[in-house]
Structures are given as C-alpha cells and as structure tokens.
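Undergrad: The following block contains the structure, expressed as structure tokens.
The values are calculated or read from the model by the stated rules, or taken from the named source; none is laboratory data. Since the structure is predicted, the reported quantities are computational estimates derived from the model, not experimental observations. Here the Cβ positions follow ideal geometry from the backbone for every residue, glycine too, while neighbour counts run over all protein chains shown.
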Amino acid sequence: MLEIRQMRQFVVVAEELNFRRAALRLNMSQPPLSVAMQNLEAKLGTMLLDRSRQRIALTAAGQVFYEDCQRTMLQVRMAMERARRAGLGLEGALRLSFVPSAALDVLPAILKHFQQACPTVHLQVTAETTARQLRHLSRGEVDLALVVGPVYEARELELIDLQAQRFVIAVPSGHRFAHRGSVRIKELATESFISFPASEGAGFVAALMGACENAGFHPNVVQEASQMQAILMLVAGGLGIALVPASLRLLKMNDVVFLEVADRRAPPSYRLQFAYAASSDNPAIQSFLAVAMQHATPLSERAKRIQPPN
C-alpha cells in the first residue's frame, strides 16, 4: 500500500519538476528523494517521470497519478479537519430533547446561534415532558435534554442550570379576575386548579405547590393534563385556573386571559436545566452548552425583568 508520505513527495516533485527544489520544499536531501521516486515507480510498475531530458517531465501515467494524488491529499486534509472539528464538538450529531414551553421562549435564540457556530452539527430535536426526557437519557436515546428542575433522580446525570422561568396565571375569559392585570397567589385559595401531573414533571408541580403553600393554602387540583396546551384548553373551557409558564402567553388562546403574579416577595418560578449522561463522550454537548450559556438571558437580568407590577 502507498503511504501518504510517498504521495506528498510525488506531488511536490510533479509541481516543481526539479528534484533540488522539491527536496528543499520537503526539507530533505536530493538523493533520498530520487530513490523514493524510483521506489514508487517500482511499486506501481510504471514510469511516472521522464528523466530523458535536461528537465524532468511527467509521463502520461505520472499526470494521471498526480491528479489522483491531489484529490487524495485534499480528502486527507478534509478528514483531518473534520476529525479535529468533531473532537471540538463542531461536527457530528446531537439529539436534543426539550420541554415544549422552552420552544416559545429561550430555545429558538439558542438554536439560531448554535446553527451559526456549528453549521455542520446535525441536530435532531424532540419535545417531551421532563419524565420522558429522563427516561430517554437513561436509555441513551437522546444526548442532551432541557428539563424542568429540580431533577430528583439525577444519578449518573450532569445537570447545568440555564435560567429561572416565571409563572403567570391563566384564567377563563369570563372569570372574576379576568379584568385585572395581576393577582396575588393568596387570592387563588378558593379556586379550582388545573395542574401538570407530578409523574411527568415533578419539578414543575413542586414549584406550583410551593407557591400556593407559601401563600397559606394547598391548591384544589380538579384536573390534570400532561401537555400545557391541553391545560390551556381546560382553562378555556371553564374547568379551572392554572399557573403556567409565562412563555405560554405567546399562544394567545381564545377564552384564556393571562394575569401577572402580583406577589413582590419570592414570585413563583421554576428552573430550566440541561441534563446529560455523565458518561457521554459526545463533544457536541459541550459545544451546545457553551452557546446556550452565552445566549440565554442571565439569571440576574431575568430576575430584574420578572418583578411583578405595582
């Protein structure tokens, strides 16, 4: 088999058509280069260089071999560059899962900047509840998940905080609070709540329960739905009210009014986190996290923006 070194030596000789100059480019002496070309011709069983003249020239076989060597050397350089980029997480594939509410808020900007920074990384994205995301991570079916924290079953997982997300209150358009811009959590004590099932998102439900208990009551949950759009549909149907991610206001659903939480002290929020298997060796994960942490709104700035109205 030919060696890359031999092909490179021949390419330089073919370009210079002079052993002395070629040897200088290759940082070697002329006699070993001449011997190397003779050995190459013997290996191929054909003459590549016409040495009958004062200046060497390529034979017909030499011209064909030169062109093929150029293409091969280019492919070798490309392979080396792709391997380097893949090692840096700039090439390859990334299977990303996310909670649907993130698609309305923080995730689009991250995806845009990641595509600009790593255009050759193939992204495969799915939207799932946190519980399903964690199951997919444990089975190796996704590489990286954007989940609602805290994650209580975090064995063998790496968790990276992204940012806090605030709640708003979704009420039917005919509700007694619908005309108000904001409501305190304690005013909801007698309301019927529609909630996310704890089995699908323990962190989200814990944030909801904590907000109500901090206000002095335990919420009366009358319905559960595992999709936020389904929760809004139940609210629109008058079955109850719900604390939902503020990003859901972008859906502008008929017969649903979104109210700000008026509590000034510790307004209810939940946390978005990235989760991935600690054993994963996919470098694209770290590339994506670097972009996400750079282009997501910092927690300190986020806190300033979520202060309730007077």
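Undergrad: Which ones in the stretch 26-43 are surrounded by 14 or more Cβ atoms within 10 Å (Cβ to Cβ) and either under 20 Å from THR72 (Cα atoms) or outside the structural domain of THR72 (by TED's automatic domain parsing) (or both)?
TA: Residues satisfying the conditions are LEU26, ALA36, MET37, LEU40, GLU41.
Undergrad: List pairs: first residue in the stretch 186-208 and outside the structural domain of GLY238 (by TED's automatic domain parsing) and more than 14 Å from VAL244 (Cα to Cα), second residue hydroxyl-bearing (Ser, Thr, Tyr) and part of a helix (DSSP H, G or I) anywhere in the structure, Cβ distance under 9 angstrom, at least six positions apart or on different chains.
TA: Filtered contacts from the stretch 186-208: no entries.
Undergrad: Out of curiosity, is PHE65 crowded, with 16+ Cβ neighbours inside 10 Å, touching a residue at least 60 places away in the same chain (Cβ under 8 Å) and not assigned by TED's automatic domain parsing to the domain that holds ALA246? Talk me through it step by step, then tell me what you get.
TA: Numbers: crowded, with 16+ Cβ neighbours inside 10 Å: yes; touching a residue at least 60 places away in the same chain (Cβ under 8 Å): no; not assigned by TED's automatic domain parsing to the domain that holds ALA246: yes.
No, not satisfied.
Undergrad: Go through (1) surrounded by fewer than 16 Cβ atoms within 10 Å (Cβ to Cβ); (2) within 45 Å of the chain's Cα centre (by Cα); (3) not in a helix (DSSP H, G or I) one by one and return the number of the condition THR46 breaks.
TA: (2)
Here is a yes/no grid of residues against (1) charged (D, E, K, R); (2) more than 18 Å from the chain's Cα centre (by Cα); (3) assigned to a strand (DSSP E or B):
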residue	(1), (2), (3)
VAL147	no, no, yes
VAL151	no, yes, no
ARG155	yes, yes, no
GLU158	yes, no, yes
LEU162	no, no, yes
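Undergrad: Collect the residues in the stretch 232-290 that are farther than 17 Å from VAL168 by Cα and among the acidic types (Asp, Glu), keeping them in residue-number order.
TA: Within the stretch 232-290, just ASP281 meets the criteria.
Undergrad: If you don't mind, there's one more thing I want to ask. Considering the stretch 149-177 alone, what residues qualify as being surrounded by fewer than 16 Cβ atoms within 10 Å (Cβ to Cβ), in contact (Cβ under 8 Å) with a residue 60 or more places away in the chain and over 28 Å from GLN286 (Cβ atoms)?
TA: Across the stretch 149-177, the qualifying residues are SER173, GLY174.
Undergrad: Looking only at strands (runs of 3 or more DSSP E) that fall completely inside the stretch 187-248, which ones have 2 or more residues that are under 30 Å from the mean Cα position of the chain (by Cα) and buried (at least 22 other Cβ atoms within 10 Å of the Cβ)?
TA: 242-245
Undergrad: Could you please let me know if MET253 is surrounded by fewer than 19 Cβ atoms within 10 Å (Cβ to Cβ) and within 22 Å of THR129 (Cβ to Cβ)?
TA: Spelling it out, MET253 is indeed surrounded by fewer than 19 Cβ atoms within 10 Å (Cβ to Cβ) and within 22 Å of THR129 (Cβ to Cβ).
Undergrad: Sticking with this structure for a sec: Given the condition within 19 Å of the chain's Cα centre (by Cα), in a loop (DSSP other than H, G, I, E, B), within 30 Å of MET209 (Cβ to Cβ) and modelled with pLDDT of 85 or more, answer yes or no: does some residue in the stretch 90-100 qualify?
TA: Scanning the stretch 90-100 turns up at least one residue that is within 19 Å of the chain's Cα centre (by Cα), in a loop (DSSP other than H, G, I, E, B), within 30 Å of MET209 (Cβ to Cβ) and modelled with pLDDT of 85 or more.
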